[in-house]
Structure formats: C-alpha cells, structure tokens
1. Filtering the range 6-31 down to residues that are small (Gly, Ala, Ser) and over 14 Å from LEU287 (Cα atoms), which residue is modelled with the lowest pLDDT?
2. List, please: which pairs have Cβ atoms under 7 Å, are six or more places apart or on different chains, and start with a residue in the range 160-178 that is surrounded by 15 or more Cβ atoms within 10 Å (Cβ to Cβ) and end with one that is assigned to a helix (DSSP H, G or I) and acidic (Asp, Glu)?
3. Search the range 146-159 for residues being part of a helix (DSSP H, G or I) and not polar (S, T, N, Q), and hand back the single one that is least open to solvent (accessible area, probe 1.4 Å).
4. Working carefully through the options PHE120, PHE133, find the one that is within 20 Å of the chain's Cα centre (by Cα), surrounded by fewer than 13 Cβ atoms within 10 Å (Cβ to Cβ) and touching a residue at least 60 places away in the same chain (Cβ under 8 Å).
5. Among residues belonging to the range 43-89 that are over 18 Å from ALA173 (Cβ atoms) and of a type in the set (Phe, Trp, Tyr), point out the one that is most open to solvent (accessible area, probe 1.4 Å).
6. Do any residues in the range 39-52 that are touching a residue at least 60 places away in the same chain (Cβ under 8 Å) have Cβ atoms under 9 Å from those of residues that are assigned to a loop (DSSP other than H, G, I, E, B) and open to solvent by 100 Å² or more (accessible area, probe 1.4 Å), where the two are at least six apart or on different chains, and which pairs are they?
Amino acid sequence: MQHGKYRFIVGFLAVPLGLYALFVVWPFIQSIYYSFTDWTGLSPEFKMVGVDNYTRMFHDDIFWKSLWHSLLFALLLPLVTISLALFFAFMINAGGRRRKGGPAVTGVRGSSFYKIVYFFPQVLSIAIVALLFAFAYNPDSGAINSLLRGIGLGSVQPLWLGDPNLALWCVMAVLVWSTVGFFVVLFSAGMASIPADLYEAALLDGAGRAGTFFRITLPLLWDTVQSGWVYMGILALGAESFAVVQIMTTGPGGPDYSTTVLVLYVYQKAFRDGQAAYATTIGVALLVVTLLFAAVVMRLGRRERLEF
C-alpha cells in the first residue's frame, strides 16, 4: 500500500500548487519588489529607490487615517456580523417554544421563511447593494430621510454619507446587512448537526435559551465561528469594503477622507495618480495587517476541540 504513495501525492498536488504559486505567491513577491522602486505603472522603465516609499508611507497622514478605518472595519464588522448571525441562527434552529406534540427543541415559527429573508442579500451583487443604499442615504430624496419626514421627524435630516462623522458608520451598516445572511445559513447548518439529545438534556436540567446557547451551541460551533471571523475580517479588509466605499461615497473615500480604507487608497494611488510603486508599498502594509489579523484571531480563538 505504501508503494508509489509519494508519487501519487505529488502528482495530485503539483498542478494546484503550481497554479497557486504562479497566481498568488508570485504576485506578492513582485509587489514587494516593486515597492522598492519608483515604478509609475505606465512605463516599463524604473529604478530602485530603496526604502523611500516606506519612509513616505510612514509620514503619510492619509495612510494612517486609512489604516485606522481598515482596522475599525476588521474589528467591528466581524464582531457585529458574527454576533447577529449567531443570534438569528440560534433563534431559527433552537429558539422557539416547544409545541404540543412536537420536538423539545425547535426554531421560531416561520424559520424557513426567515432563512430565505436573511440570505436574500447574498443573491444581490455587492455593487447593486451599494447603489441601492447610496440612493437610500440621499439626504434630499432618499428613502431614509423620506421615512423620517413621513413619521413627523422632518427636523431630523442627517446628511448621512455627506457627514464625515456618519459616513463610515453608514458604510459599515451596509456591509453588515449584506453579509449577515451568509453566516446565518452557515451557522444554521452547523447547529442542525448538533444532536437534539444535548438540548433536551439541558432543558431537563432547567437550562434556558441563554444557557443552552453558551454551554452547548457556541462551544460545539466554535471552529465554524472562528473560521467565519477570519473570513469576515478578510472581507472587511479587502474587496467588500473597497466596492462599497468606491461606489457609495463621494470622492470616493470622502468626505475629507472619512471613509478611505487601505484597499481603496492602493487603488487610487495605482490607477488615479500613476504611483504604482507607492501603491504596492501600501499593499504590502495591507498584507501584513491581514496576516496579523488572521494570526491573532486564530491564536486568541484556540481552544480544546469538542466533539459529539
């Protein structure tokens, strides 16, 4: 059985590992190399400038503001999204009252319908979601301010995306709305695999909803929660935040850089300002932040695996 084992393994792994090295690892290496040059992205000619780009980055106020916004996204978005998804998934699967003649553990009435409602934003492209909310946040004709006027709160008419103090939170709310449904379905699948006997035993011992959640559901679902936390953090640092900020905000990234995130700043420097080398320098910083975030979450979330 051991004969040819390693050739078999290498034969299966060679192609996918080669593609991964070509399309993932090699671009990272190229980016690090170009960060030490003055490449504009428009000309094949460039020269080495050492650490000048990194020195410039550390003295760039917009970079630090963008970094702070990206860290807020990475810290707050997973916390809010995962917490809401866990609550909704628990209520859908185990939060209902026991019905006469039914199982001891059941979801709220209409749980199947709620799953569809929560998952609906995943059907829409993030670009469409951003456009819809951009119209809703319009201070003059948007749905939100129109609703406030309709219920007699015409004196409360925030500028929303036009207010530097509100714009970032408005963008975060859109990202939470658009992603929470995915995690509701993910956690519901995990909860459905937990034996009902554990819940029934806890109920016989007098445990309530909160007790069963924190002592049964969350420990047995911890690996899924940890993976979802890392995934959501990477989305918040990457493509999802870029798309929403790029489409919804003025500038984009405004007003007054109040919504600029690192990934948007990379795009602007590379394609708007023709400073590809400096953009790759910021990209290297974004790579370091993403790796540190994943490492911290995996380290802090490490615990003994529970099986059932």
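The values are calculated or read from the model by the stated rules, or taken from the named source; none is laboratory data. This is a predicted model, so every value here is computed, not measured. Heads up, the Cβs are rebuilt from the backbone with ideal geometry, glycines too, and the neighbour counts pull from every protein chain shown. To get the accessible areas, we keep the full protein, side chains included, count just its heavy atoms, and leave off ligands, DNA and RNA. Shrake-Rupley method; radii C 1.70, N 1.55, O 1.52, S 1.80 Å.
1. GLY11
2. LEU175/GLU240
3. Here the answer is LEU148.
4. Result of the check over PHE120, PHE133: PHE120.
5. Ranking the qualifying residues of the range 43-89, first place goes to TRP68.
6. The qualifying pairs are TRP39/GLU45; TRP39/LYS47.
For (1) open to solvent by 30 Å² or more (accessible area, probe 1.4 Å); (2) in a helix (DSSP H, G or I); (3) of a type in the set (Lys, Arg), each residue gets a yes or a no:
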| residue | (1), (2), (3) |
| --- | --- |
| GLU240 | yes, yes, no |
| SER258 | no, no, no |
| LEU264 | no, yes, no |
| GLN268 | no, yes, no |
| THR281 | no, yes, no |
| VAL284 | no, yes, no |
| LEU291 | yes, yes, no |
| MET298 | yes, yes, no |
| ARG302 | yes, no, yes |
